[in-house]
Amino acid sequence: MEIRHIHPWDVSVKEAIQIQSKLRVLIDLTDKPDAINYVAGTDISSSKRLNQIWAGVLIFSYPQLVKLEERWVEGKTDFPYIPGLLSFREIPLLLEAFKRIEIEPDLIFCDGQGIAHPRGMGLASHLGLLLNKPTIGCAKNRLIGDYPRVGDKKGDYSLLRYKGILVGVVLRTRTGVKPLFVSQGHKITLKKSFEMVLSCCMRYRIPEPIRQAHLMVKGLSRSK
């Protein structure tokens, strides 16, 4: 896959914040995907003891959700664990994994935030810019924003707003299970993001591509 090299990675925390603030104006929140035939799921697992990271990318057919390809890489990181700046810790290894895939995805699911981020530049948005691909952020926990109570049934949702601006939805993907925080990453609308997440949540809370990516990298990290 083609990867855009639009900024350095060996930066300080202050420089990382400045990069995020500059990049957010490049985010496209319009609906770009035409036919979606392949989707990717990504996840990261890390060992604080070893300062080691495992990054995984899995490719699935859509809408069948048959796994077609999986790639992973292992490496170290020197960037600290700071909420809101996880893309600088995780994306360099994810890009290495994407370099190895043979089936190019039409859409990428990320375990993290999209524009539901203090500077509108969560991991999903950042990765979407670098890969020039539609991305969706699917986070288990809220980073920013407020929302009304979500209904208990699958498909119920509330709008997530930050400083009065719509940044995502809080979506119940399974009846009676905690909701997900879904936000646009890049090159996709919120409505399409919502629909794609629901269509890829089968028997579990999180979309199947992310769930299987999570299982893969967790297995790799536990084997060390």
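The values are calculated or read from the model by the stated rules, or taken from the named source; none is laboratory data. The structure displayed is predicted, hence computed values, not measured ones. Methodologically, a virtual Cβ is constructed for each residue, glycine included, from the backbone with ideal geometry; neighbour enumeration extends over all protein chains shown.
Considering the stretch 70-97, the residues that are assigned to a strand (DSSP E or B) and within 18 Å of the chain's Cα centre (by Cα) include one that is farthest from Leu130 (Cα to Cα), namely Glu70. Of all the criteria given as (1) hydroxyl-bearing (Ser, Thr, Tyr); (2) in contact with a Ser or Thr (Cβ under 7 Å, 6 or more places away or on another chain); (3) within 20 Å of His186 (Cα to Cα); (4) assigned to a strand (DSSP E or B), the one not satisfied by Thr42 is (2). Residues in the stretch 112-121 that are in contact with a helix residue (DSSP H, G or I) (Cβ under 7 Å, 6 or more places away or on another chain) and surrounded by fewer than 24 Cβ atoms within 10 Å (Cβ to Cβ): 2 in all.
Is it the case that His186 is under 13 Å from the mean Cα position of the chain (by Cα), crowded, with 22+ Cβ neighbours inside 10 Å and within 24 Å of Glu70 (Cα to Cα)?
Values: under 13 Å from the mean Cα position of the chain (by Cα): yes; crowded, with 22+ Cβ neighbours inside 10 Å: yes; within 24 Å of Glu70 (Cα to Cα): yes.
Yes, satisfied.
With the condition kept exactly as written, say whether any residue in the stretch 186-207 is under 22 Å from Arg119 (Cα atoms) and touching a Ser or Thr at 6+ places or on another chain (Cβ under 6 Å). Within the stretch 186-207, one or more residues are under 22 Å from Arg119 (Cα atoms) and touching a Ser or Thr at 6+ places or on another chain (Cβ under 6 Å).
Among all residues of the stretch 9-28, there is at least one that is within 18 Å of Ala97 (Cα to Cα) and not in a strand (DSSP E or B). Among the residues of the stretch 135-165, those that are under 25 Å from Ile82 (Cα atoms) and either crowded, with 22+ Cβ neighbours inside 10 Å or touching a helix residue (DSSP H, G or I) at 6+ places or on another chain (Cβ under 7 Å) (or both) comprise Thr135, Ile136, Gly137, Cys138, Ala139, Leu160.
Looking only at the stretch 1-23, which residues are under 30 Å from Cys200 (Cα atoms) and either modelled with pLDDT under 95 or surrounded by fewer than 13 Cβ atoms within 10 Å (Cβ to Cβ) (or both)?
Correct list: Met1, Glu2, Ile3, Arg4.
Counting the residues of the stretch 20-39 that are under 15 Å from Gly128 (Cβ atoms) and either in contact with a Gly (Cβ under 6 Å, 6 or more places away or on another chain) or touching a residue at least 24 places away in the same chain (Cβ under 8 Å) (or both) gives 13. Residue pairs whose Cβ atoms lie under 6 Å apart, separated by 6 or more positions or on different chains, with the first residue in the stretch 80-103 and touching a residue at least 24 places away in the same chain (Cβ under 8 Å) and within 15 Å of Trp54 (Cβ to Cβ) and the second assigned to a loop (DSSP other than H, G, I, E, B) and of a type in the set (A, V, I, L, M, F, W, C), are Arg89/Phe79; Pro92/Trp9; Leu95/Ile3; Phe98/Met1. Among the numbered conditions (1) acidic (Asp, Glu); (2) surrounded by fewer than 23 Cβ atoms within 10 Å (Cβ to Cβ); (3) under 21 Å from Met1 (Cβ atoms), the only one that Asp78 does not meet is (3).
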